Amino acid sequence: MTAWGWLMDRMDAVADVMHGWDERAMLSISEARFLRRVPRVFVAATYLGDGYIWLGLALGLLAFGNERDRWNVLIGLCATVANLIMVRLLKTLFSRERPEEGAGAMRGRIIDTYSFPSGHATTSFGLAWLVATAYPTPYIQAIVYAGAGLIALSRIVLREHYLFDVLGGAILGTLVAASVEHVFRLAGF
């Protein structure tokens, strides 16, 4: 066996171990008794994570905000587009299948086939980071991160994503949003 073949075998073995852990973590979270008592909260969070909550915030800022708020909405829109592009690229690159259909899965909706990274977590944490940065008030930061966390958790509870999908999405969304915000800041906005 060549060194390359040996390395690929080791990487496959590590990936299998990580996938097993990830699957057990998803099942443990999705079957947690205290989370299963409020299933409608997680269904609502997933639907709000489709963009409705962020769109509502943007429309509120556009209607009632000042010029700085309007720029923040533009930055958020650009970050969201960049995040969606990155999610599509990474989902195609990794081609990780979604969890098997289970009791909590929402297979009635038309969704993409691949799981990594979670688009809901990516966009929610990206926008939460932007809001928390633009409006550095502790209660605003707590609210937007609680919302992003609930949206991300809903994806695991409903068995649409594994834990690593959500964590990867949260990290990706934050990094992309920070990069977009940095570019706008360098441009003088």
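For the range 134-189, a residue qualifies if it is under 18 Å from the mean Cα position of the chain (by Cα) and among the polar types (S, T, N, Q), and the qualifying residues are 141, 154, 174, 179.
So that you can scan it fast, the table gives a plain yes or no per residue for (1) without any contact (Cβ under 8 Å) to a residue 40 or more places away in the chain; (2) hydrophobic (A, V, I, L, M, F, W, C):
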residue	(1), (2)
115	no, no
126	no, no
139	yes, no
146	yes, yes
155	no, no
161	no, no
166	no, yes
176	no, yes
186	yes, yes
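Selection of the range 1-44 for residues being hydrophobic (A, V, I, L, M, F, W, C) and either part of a loop (DSSP other than H, G, I, E, B) or in contact with a strand residue (DSSP E or B) (Cβ under 9 Å, 6 or more places away or on another chain) (or both) yields 1, 32, 38.
In the range 1-17, the residues that are within 18 Å of residue 162 (Cβ to Cβ) and modelled with pLDDT under 80 never reach a residue that is surrounded by fewer than 10 Cβ atoms within 10 Å (Cβ to Cβ) and of a type outside the set (Val, Ile, Thr) with C-beta atoms less than 7 angstrom apart, at least six apart or across chains.
Please determine, by comparing only the residues of the range 73-101 that are within 14 Å of the chain's Cα centre (by Cα) and small (Gly, Ala, Ser), which one is surrounded by the fewest Cβ atoms within 10 Å (Cβ to Cβ). Here the residue is 82.
Counting only helices (runs of 4 or more DSSP H) that fall entirely inside the range 72-189 and contain at least 1 residues that are of a type in the set (Gly, Ala, Ser) and either touching a strand residue (DSSP E or B) at 6+ places or on another chain (Cβ under 7 Å) or farther than 30 Å from residue 18 by Cβ (or both), the qualifying elements are 119-134, 138-157.
Among the conditions (1) of a type outside the set (Gly, Ala, Ser); (2) under 22 Å from residue 42 (Cα atoms); (3) at pLDDT 95 or above, residue 176 misses just one, which is (2). Scanning the range 138-177 for residues that are more than 24 Å from residue 93 (Cα to Cα), polar (S, T, N, Q) and in contact with a Gly (Cβ under 9 Å, 6 or more places away or on another chain) returns a single hit, 154.
The values are calculated or read from the model by the stated rules, or taken from the named source; none is laboratory data. Quick caveat: nothing in here was measured; it's all calculated off a predicted structure. Cβ atoms come from the backbone with ideal geometry, glycine included; neighbour counts cover every protein chain shown.
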